[in-house]
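Chemist: Right, I'll just put the structure down here and ask away after.
The values are calculated or read from the model by the stated rules, or taken from the named source; none is laboratory data. Given the structure is predicted, the values throughout are model-derived calculations rather than measurements. With ideal geometry, Cβ positions are generated from the backbone for all residues, glycine too; neighbour counts draw on all protein chains shown.
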Amino acid sequence: MADNKAVTVQEKNITEKTLERIKTLEKSGDLTFPQNYNYGNAIKSAYLILSETKDKSGKPVLQTCSQASIANALLDMTIQGLSPAKKQCYFIPYGNQLQLSKSYLGNIAATKRLKGVKNVYANCIYEKDEFSYTIDLETGLKKITKHEQSFENIDLNKIKGAYAVVVMEDGNNYVEVMNINQIKNAWNMGAAKGGSKAHTNFSDEMAKKTVINRACKNFVNTSDDSDILIESINRTNEYREEDIIENVQAEVKEEIKENANKEVLDIPFAEEPTQEVVEAEVVSEEEFNEAGF
């Protein structure tokens with residue numbers, strides 16, 4: 001009974017301080033949220049997930065991770081308008097620090113939060129497709145000038161590459177193009193080295209996820225949006241494959257269960273992992289206890 005009471009007090013302490021910080025940022029005009037995003041519900045949903053999340057030692061992360069780092073992870077989630085229930089993000093413990101990492105779905109959702117962004121999408125390029133693009137020599141930006149594809153061209157063994165487009169309201173779209181060698185090099189940086197069943201059986205989907213992740217990551221650094229939002233997006237882009245492989249496997253199992261009767265599985269792998277973790281700028285326990293970061 002005492003343990004349950006302690007958990008309840010901890011949850012109230014963390015969620016209330018996180019909500020207070022969000023409301024302050026919102027009131028100052030530093031943050032705006034999509035109309036359909038209820039950050040209060042998102043935080044409560046995330047906390048329920050965290051209550052069942054354990055670290056590599058099998059211990060609950062709510063016990064092993066500092067309250068300040070938990071609050072910061074929840075804050076990063078809400079700043080970007082993400083939902084762990086929608087597989088847009090997941091929580092990873094690094095020692096006693098909890099950090100937020102995004103899936104490719106989260107990359108799309110966070111990028112669409114930026115000013116002027118309407119949509120993010122990707123397509124594969126197959127052999128015999130008619131594909132061409134140009135490069136603006138003044139801006140360095142790419143522009144797709146032609147992509148014609150016949151139904152007969154679609155063949156997982158004949159993927160030549162993929163491209164992703166960040167669709168802008170002003171028409172100045174941001175485009176990333178990767179050939180199949182670049183895509184496979186990205187896959188090789190992962191623990192599976194591109195040899196997982198997902199990469200083999202759904203290589204078109206995996207290729208699109210790879211180029212989407214690159215497009216979103218690079219586009220963020222060209223944006224003049226809120227520094228708070230940009231910093232949060234960049235902070236949650238960095239992770240190590242070995243530290244999240246168990247979480248990804250759990251996601252895959254859940255995804256397979258949900259898509260058992262579908263032809264294509266939408267597996268939320270995140271590609272292009274970095275080798276080193278960028279230190280998150282978490283607040284101290286003293287700051288958290290005083291005013292809540």
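Chemist: Could you grab the pairs with beta carbons closer than 6 Å, sequence gap of 6+ or different chains, first residue in the range 210-236 and more than 17 Å from F33 (Cβ to Cβ) and touching a residue at least 24 places away in the same chain (Cβ under 8 Å), second one acidic (D, E) and assigned to a loop (DSSP other than H, G, I, E, B)?
Modeler: From the range 210-236, the pairs are T210/E271; N213/E271; N213/E272.
Chemist: Say we look at the range 222-238 and pick out the residues that are modelled with pLDDT under 85 and of a type in the set (S, T, N, Q); which of these is surrounded by the fewest Cβ atoms within 10 Å (Cβ to Cβ)?
Modeler: Once the filter is applied, the top-ranked residue is S226.
Chemist: If the requirement is being of a type in the set (D, E, K, R), over 22 Å from N107 (Cβ atoms) and within 23 Å of the chain's Cα centre (by Cα), which of these qualifies: K197, K158?
Modeler: On inspection, the qualifying residue turns out to be K197.
Chemist: Could you give every pair whose Cβ atoms fall below 8 Å, whose first residue belongs to the range 168-186 and is within 10 Å of R214 (Cβ to Cβ), and whose second residue is charged (D, E, K, R) and outside any strand (DSSP E or B), counting only separations of at least 6 or pairs across chains?
Modeler: E176/R214; M178/R214; A186/R214; A186/E271; A186/E272
Chemist: For the range 149-167, how many residues meet the condition of being among the small types (G, A, S) and either touching a Leu at 6+ places or on another chain (Cβ under 6 Å) or farther than 30 Å from L114 by Cα (or both)?
Modeler: The qualifying residues number 1.
Chemist: Can you pull out the residues in the range 45-61 that are in contact with a helix residue (DSSP H, G or I) (Cβ under 7 Å, 6 or more places away or on another chain), without any contact (Cβ under 8 Å) to a residue 40 or more places away in the chain and either surrounded by fewer than 14 Cβ atoms within 10 Å (Cβ to Cβ) or not in a loop (DSSP other than H, G, I, E, B) (or both)?
Modeler: Y47, K54, V61, listed by residue number.
Chemist: I want to confirm something. Restricting to the range 62-96 and keeping residues that are of a type in the set (A, V, I, L, M) and not in a helix (DSSP H, G or I), which single residue is surrounded by the most Cβ atoms within 10 Å (Cβ to Cβ)?
Modeler: L82
Chemist: When the range 30-44 is examined, which residues are found to be farther than 16 Å from C89 by Cβ and touching a residue at least 24 places away in the same chain (Cβ under 8 Å)?
Modeler: Those that are farther than 16 Å from C89 by Cβ and touching a residue at least 24 places away in the same chain (Cβ under 8 Å): D30, L31.
Chemist: Same structure, new question: Is one or more of the residues making up the range 105-118 of a type in the set (K, R), under 13 Å from the mean Cα position of the chain (by Cα) and under 19 Å from L31 (Cα atoms)?
Modeler: Yes, the range 105-118 contains a residue that is of a type in the set (K, R), under 13 Å from the mean Cα position of the chain (by Cα) and under 19 Å from L31 (Cα atoms).
Chemist: Could you grab me the full set of residues in the range 97-120 that are under 17 Å from M168 (Cβ atoms), in a helix (DSSP H, G or I) and touching a Leu at 6+ places or on another chain (Cβ under 9 Å)?
Modeler: A109, A110
Chemist: Related question: Taking L31 as the residue in question, decide whether it is modelled with pLDDT under 90, of a type in the set (A, V, I, L, M), crowded, with 17+ Cβ neighbours inside 10 Å and out of contact with any Lys or Arg (no Cβ under 7 Å at 6 or more places or on another chain).
Modeler: Yes; evaluated as a whole, the condition is true for this residue.
Chemist: Just checking, does the range 98-114 include any residue being of a type in the set (S, T, N, Q) and modelled with pLDDT of 95 or more?
Modeler: no
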